[in-house]
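The numbers here are math on the coordinates, done by the rules we state, and not lab data. The model shown is predicted, which means the values in this text are computed figures rather than measured ones. Note that we place each Cβ from the backbone using ideal geometry, even for glycine, and neighbour counts take in every protein chain shown.
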Amino acid sequence: MMLQVSNLHKSFKQQKVLQGIDLTANKGDVLALLGSSGSGKSTLLRCLNLLNLPDQGTLKFGHHILNFEQGNFEQSADEVIALRKKIGMVFQQFNLWVHMNVLENLIAAPVLVLKQSKAEAKVEAEKLLARMGLSEKLYAYPSELSGGQQQRVAIARALMMKPDIMLFDEPTSALDPEMVSEVLLVMQQLAQSGMTMLVATHELNFARQVSNRVIFLDEGRIIEQGLSTEVFAKPATVRFQRFLQAMNPRYE
Ligand code: ADP
Ligand code: MG
C-alpha cells in the first residue's frame, strides 16, 4: 500500500467539497480521477499533498500517518515537508518559474531540498529531458516553449525529486488540442515505468488505456470506482453513465 485515504472531509466556509473520501493506491497503480467540474477533484489532490488542509480524516503515505480533526493538525512542519518531497504534483497551468530556464527550473528543488550538487542535478535533468524529448531545450525559458513542452518540463521537474507518487491535476486541459497527445504519451511512459499515479482528467481514452482503476467523484463523494476494464464497459451508476455519455457520445 502506497497511499491510503480514509474518511477525508474538506469544506470551504459552509460548502462541503469533500464528504468522506476513502481510497487506496498501491505501488504502480494508475488511478484516473473522473468527475464533472466542481466535483472536488482538485481539492482532493491538493489535500493529498497538503496544499489544502483536510478538516477530518486520515492520510497514510508510506510510513507517514497523518490524522486530521476539525481545526487540529498535529504533524510537525518537518513531517509535512517530508511528505511533500515524496509526492510530485503537476498542475493544469504549468507553473514553471518564468524567470528561470529549463535547467534551473529542474535543479532548483533537488539542490535546495535534497542537497544535491548542481552538477549531479544537471546530469539527472539531462536524463529526464531526454526521456521527455526535450534535450535541446535545456537553456530555453518557459516563454520560449509551447504549452506541451512546458507541461513536459513541469513533469520532469516533479520527477527530479524522485517522488513515490505523482499527482496530475488535469495536465492537458490548458493545452491546444495538438499538444495533448505529446503530454499523454509522456504520462503513459511514466505509468509503464511503474510510477504510482493519480490523474484527474477529462481524457477518457487515456483513462481507459493507461489507468488500471477509475474513481468517479460526484459532489465530493466517490460514487463509483473499479477496474478501468470493468467500469467503462459497465458503469454501475446512472450518474457515471450520464457523465460518460456527455463526455463521449459513443457511449450508449
Ligand atoms: P474540480 O477540480 O472537480 O473541478 P474543485 O476541487 O476545484 O473541483 O472544486 C470543488 C468545489 O470547491 C467548487 O465548488 C469550488 O468552487 C470550491 N473550492 C475549491 N477551492 C476553493 C477555495 N480555495 N476556496 C473556496 N472554494 C473552493
Ligand atoms: Mg479541478
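Here are the numbers:
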read-out	value
For region 1-96, size of Cβ-based charge dipole, Lys and Arg +1, Asp and Glu -1, in debye	280 debye
Share, in percent, of DSSP beta bridges within the chain that are antiparallel, nearest 5	60 percent
Cβ-Cβ FRET estimate between residue 212 and residue 14, R0 fixed at 30 Å, reported to 0.05	0.25
Taking 135, 6 and counting other C-beta atoms within 10 Å, the order from fewest to most	135, 6
Choice from 34, 112, 66 with maximal GNM fluctuation in the chain (Cα, 10 Å cutoff)	112
Potential lengthening between residue 67 and residue 81 on full extension [0.36 nm per residue; Cα-Cα distance subtracted]	3.5 nm
Hull volume in cubic angstrom per residue (convex hull over the Cα atoms of region 1-159)	142 Å³
Difference of contour (0.36 nm per residue) and Cα-Cα distance, residue 109 to residue 236	41.4 nm
